Amino acid sequence: MILGKVVGTVWATRKDEQLVGMKLQLVRELGLDGKLKSKFVVAVDSVGAGVGETVLFAQGSSARQTELTRNKPVDAVITAIVDKFDTK
Amino acid sequence: MILGKVVGTVWATRKDEQLVGMKLQLVRELGLDGKLKSKFVVAVDSVGAGVGETVLFAQGSSARQTELTRNKPVDAVITAIVDKFDTK
Amino acid sequence: MILGKVVGTVWATRKDEQLVGMKLQLVRELGLDGKLKSKFVVAVDSVGAGVGETVLFAQGSSARQTELTRNKPVDAVITAIVDKFDTK
Amino acid sequence: MILGKVVGTVWATRKDEQLVGMKLQLVRELGLDGKLKSKFVVAVDSVGAGVGETVLFAQGSSARQTELTRNKPVDAVITAIVDKFDTK
Amino acid sequence: MILGKVVGTVWATRKDEQLVGMKLQLVRELGLDGKLKSKFVVAVDSVGAGVGETVLFAQGSSARQTELTRNKPVDAVITAIVDKFDTK
């Protein structure tokens with residue numbers, strides 16, 4: 001999984017019907033120093049993550065292993081809200 | 001998913017028969033600042049996205065989870081036309 | 001899919017038996033400006049693409065969705081020969 | 001698989017229920033010169049790897065092929081603790 | 001597939017039991033000019049490739065399509081020993 005921060009939201013009216021009702025969050029990758037990287041993805045939110053929260057997201061076929069995303073055309077999903085991380 | 005803009009179209013007469021009838025769009029990645037990146041993919045269009053539209057595309061096995069692309073040799077599919085995105 | 005140009009061929013006698021009989025082409029990625037990039041892959045050819053031709057190739061599990069490559073240890077396959085591409 | 005070093009741990013209370021009980025380790029990629037790279041992932045630990053240990057991790061759908069991670073929304077898993085590696 | 005050269009071996013005693021008996025090779029990517037790149041992976045060897053040999057390796061779920069690696073937590077496998085490659 002990748003460490004990221006939710007920085008915004010995407011709105012889309014015309015979309016694959018399997019995406020209806022899913023919240024699409026903009027998630028920027030986060031460095032171990034806590035700084036935002038430029039790289040970002042649009043991830044489906046399966047845990048109620050709000051803008052500003054630090055999260056983990058899974059990619060690829062693993063992103064379809066949540067109840068919300070199973071068999072859907074989704075390749076990135078937020079799976080956890082991070083309380084803290086330690087590096088030594 | 002990745003944020004992109006449709007910038008063109010690819011024509012191919014000789015191709016895997018499973019691709020017949022699919023529209024192949026050139027999609028450049030888009031930054032959060034709205035500027036085009038140099039990175040691009042060729043994605044199957046499942047939502048009727050035209051040149052100039054901002055879209056989301058899914059990659060990998062998730063690109064085969066639309067009705068149009070199921071079990072096809074397709075690794076990128078446009079799944080949504082973006083109305084707007086907000087970053088805070 | 002990725003836009004590329006076939007630039008050569010790979011010969012391998014000792015290989016997984018599932019690869020026997022497959023043509024292994026060197027494919028360099030192509031920019032929208034028509035210039036070759038340094039990045040390249042070795043892709044199985046499922047459409048009879050010769051050296052010098054512009055092609056599309058699919059990667060990952062999607063590369064196993066052609067008749068030739070199904071269930072084979074192949075992660076890149078040429079799926080189309082490009083007639084032309086337009087960008088606006 | 002990728003060579004890495006465990007450099008820390010991630011704590012997350014609110015998460016997909018399938019992740020409950022899994023240890024989430026921060027793993028930085030390691031060069032052949034033994035130096036840490038800046039690139040890192042958050043990987044589920046399936047072998048009891050502690051901070052400071054050199055490990056191998058698998059990514060993508062292959063990360064779901066351990067007993068611990070099967071069918072879970074996990075895209076990176078530590079599969080081995082490295083005793084040593086030689087390069088010639 | 002990616003063109004690479006076997007440059008070394010990894011030893012790991014504590015590992016996922018599904019990896020027992022597999023040879024883990026360090027494989028550096030090779031450029032079309034025959035020069036080693038810095039990027040490398042740890043790949044399971046399914047064809048008896050020794051250090052110094054030029055090989056092809058497959059990644060992702062395709063790396064699990066050999067007899068040796070099926071359903072194993074392996075995301076990179078050497079599938080061929082390269083006799084030669086030509087570029088024009």
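Here are a few things to note about the model shown:
- Under-5 Å amide H pairs with D:V82, H placed in peptide plane, nonlocal only: D:T54, D:V55, D:L56
- Here the 3J(HN,Hα) profile of segment E:23-29, calculated from phi with Karplus coefficients 6.51, -1.76 and 1.60 at θ = phi - 60°, is 8, 9, 9, 7, 10, 8, 5 Hz, Gly and Pro shown as x.
- Kirkwood Rh in Å, taken over all unlike Cα pairs in chain A: 13.2 Å
- Per-residue shielding of A:29-37, expressed as the average number of other chain Cβ atoms within 10 Å of the residue Cβ, stands at 1.
- Size of electric dipole in chain B: Cβ of Lys, Arg +1 and of Asp, Glu -1, about Cα centre, debye, nearest 20: 200 debye
- Checking the Cα-Cα distances for B:K72/E:K72; A:K88/D:K88; C:K37/E:K35; D:K37/D:K84; B:K72/C:K72; D:K39/E:K39 against a 21 Å cut-off, the pairs over it are B:K72/E:K72; A:K88/D:K88.
- Label-point separation in nm, A:S38 to C:E17, each point 7 Å along Cα→Cβ: 5.0 nm
- Here A:K35 sits with roughly 140 square angstrom of accessible surface, probe radius 1.4 Å.
- D (Stokes-Einstein, µm²/s), Kirkwood Cα radius, the protein assembly as shown, 1.567 mPa s at 4 °C: 59 µm²/s
- Summary value for chain D: 30 percent relative contact order, contacts being C-alpha pairs under 8 angstrom separated by 6+ residues.
- Database remark: amide H of E:K23 closer than 5 angstrom to the amide H of E:D45 (H placed geometrically; neighbours at sequence offset of 5 or more, or on other chains; Pro and chain starts carry no H).
- From largest to smallest, the equivalent ellipsoid semi-axes obtained for segment D:25-66 from the alpha-carbon gyration tensor read 19, 12, 9 Å.
- Other residues lying with their Cβ under 10 Å from the Cβ of C:T87 contribute a combined charge of 0, Lys and Arg counting +1, Asp and Glu -1.
- Computed over segment B:32-77: relative contact order in percent, which uses C-alpha pairs under 8 Å that are six or more apart: 41 percent
The values are calculated or read from the model by the stated rules, or taken from the named source; none is laboratory data. Computed from a predicted structure; not experimentally measured. All Cβ positions, even for glycine, are placed from backbone atoms using ideal geometry, and neighbour counts span all protein chains on display. Ligands, DNA and RNA are excluded from the accessible area calculation, which covers all protein heavy atoms including side chains. Shrake-Rupley method; radii C 1.70, N 1.55, O 1.52, S 1.80 Å.
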